[in-house]
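A.B. asks: Structure incoming, see below.
The values are calculated or read from the model by the stated rules, or taken from the named source; none is laboratory data. The structure presented is a predicted model; accordingly, all values stated were derived computationally and were not measured. Neighbour counts are summed over all protein chains in view; Cβ atoms, including those assigned to glycine, are modelled from backbone coordinates with ideal geometry.
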Amino acid sequence: MLTQNQWKAGRFELTWQTQKPLLMGIVNITPDSFSDGGKHNSTSSAIAHAQRLLSEGADILDIGGESTRPGAESVALEAEWARLKPVLQELVRWNVPVSVDTMKAEIMRRAIELGVDILNDVYAFRDKDAVQVLAESQAGAVVMHMQGEPRSMQNRPEYDDVCTEVSDFLAARLNVLAHAGVPSSRVLLDPGFGFGKNLQHNLALMKRTSWFAGQASGVLIGVSRKRMIGELTGQESPADRVSGSVAAALYAAGQGAAVLRVHDVRATLDALKVWQALVD
Ligand SMILES: Nc1nc2ncc(COP(=O)(O)OP(=O)(O)O)nc2c(=O)[nH]1
């Protein structure tokens, strides 16, 4: 049984169905991203990668100019913008939903001015200026949980009850956005896999995907090539974690995830098509 859901995101009204999530292809214009650092670190290579992800079937493109991997140092605003601007300027002309992955309100403001549709904030719009930028726009939002900050979040992540604490945090953020005039129909929640979580925390949150999916907003799942996949498979290199990432993607789809944020669009989409034919 498929149920329809909607996400109002800038120029687009995106719909997904249970078992048929949208795919968000990742374009990291960074020298140090954990899985593809340096591979798409120029305007031309980032645009070429975006084209490839679209040709593989991506529904959304997520563009990041600052790595948030564990241990990452932050990037200065103008340096991050210098990476993002030429790529975003091109991509907003493609009539495809464009997301910018940033924690900085000023970057969000400039991206909205260029015509970007989605603000993907791993800092969950805890910056008041970011809330204002979002509220003054029609952009969609991804609100993600992170314990600590990228530089040190994986040192000793601890929770009394990770699912309750993450759920409560996301509910509180949704409430802040609602009070600022941003309805839940514009927001996706994201448990933030690997952002201040160990393997047990990540697995507990993954098993709660259907609960998150049942909230007022849909849920975005981002585990592609991440350390948790490496820990479960023994695959050291992120490039060798595609099969494990696809397995996690199928599980999330079955639990009703709205969006899967992935590096490997073709592999994920092919697996979803076969799996959907068998579960329908
Ligand atoms: N909403 C959301 N955004 C995210 N942005 C970056 C990363 C980190 O992964 P990646 O972009 O592959 O690496 P890096 O941060 O090193 O560029 N993960 C998420 C995530 O899980 N959810």
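A.B. asks: Determine the pairs where a residue that is in contact (Cβ under 8 Å) with a residue 24 or more places away in the chain, located within region 62-80, has a partner that is more than 10 Å from the ligand (Cβ to nearest atom) and of a type in the set (S, T, N, Q) with Cβ atoms under 7 Å apart, the partner being 6 or more residues away or on another chain.
C.D. replies: Partner pairs satisfying both residue conditions: Glu66/Ser74; Pro70/Gln154.
A.B. asks: Got at least one residue in region 261-279 being more than 12 Å from the ligand (Cβ to nearest atom), surrounded by fewer than 23 Cβ atoms within 10 Å (Cβ to Cβ), at negative phi and not in a helix (DSSP H, G or I)?
C.D. replies: no
A.B. asks: Please tell me if Gly115 is more than 16 Å from the ligand (Cβ to nearest atom) and of a type in the set (Gly, Ala, Ser).
C.D. replies: In short, yes.
A.B. asks: Scan region 218-241 residue by residue and report those that are part of a helix (DSSP H, G or I) and away from the ligand (no atom under 13 Å from the Cβ).
C.D. replies: Once the filter is applied, which keeps residues that are part of a helix (DSSP H, G or I) and away from the ligand (no atom under 13 Å from the Cβ), region 218-241 yields Glu231, Leu232, Thr233, Asp240.
A.B. asks: Between Asp32, Asp62, which is in contact with an Asp or Glu (Cβ under 9 Å, 6 or more places away or on another chain), more than 20 Å from Leu188 (Cβ to Cβ) and of a type in the set (Asp, Glu)?
C.D. replies: Answer to the selection: Asp32.
A.B. asks: Then there is this: With the checklist (1) among the aliphatic types (A, V, I, L, M); (2) away from the ligand (no atom under 12 Å from the Cβ); (3) within 18 Å of Asn120 (Cβ to Cβ) in hand, flag the one item Ala204 doesn't pass.
C.D. replies: (3)
A.B. asks: Suppose we keep only residues that are more than 22 Å from Ala141 (Cα to Cα) and either part of a loop (DSSP other than H, G, I, E, B) or at pLDDT below 95 (or both) within region 46-91. Which one would you say is farthest from the ligand (Cβ to nearest atom)?
C.D. replies: In this case the residue turns out to be Ala76.
A.B. asks: Only one of these conditions is not met by Arg266: (1) over 15 Å from the mean Cα position of the chain (by Cα); (2) closer than 30 Å to Val133 by Cα. Which number is it?
C.D. replies: Single failed check for Arg266: (2).
A.B. asks: Right, another one. Name the residues in region 92-112 that are among the acidic types (Asp, Glu) and within 13 Å of the ligand (Cβ to nearest atom), would you?
C.D. replies: Once the filter is applied, which keeps residues that are among the acidic types (Asp, Glu) and within 13 Å of the ligand (Cβ to nearest atom), region 92-112 yields only Asp101.
A.B. asks: Further question on the same structure: For the condition at pLDDT 95 or above, farther than 17 Å from Leu23 by Cβ and not acidic (Asp, Glu), what is the one hit in Ser224, Ser217, Ser237?
C.D. replies: Ser237
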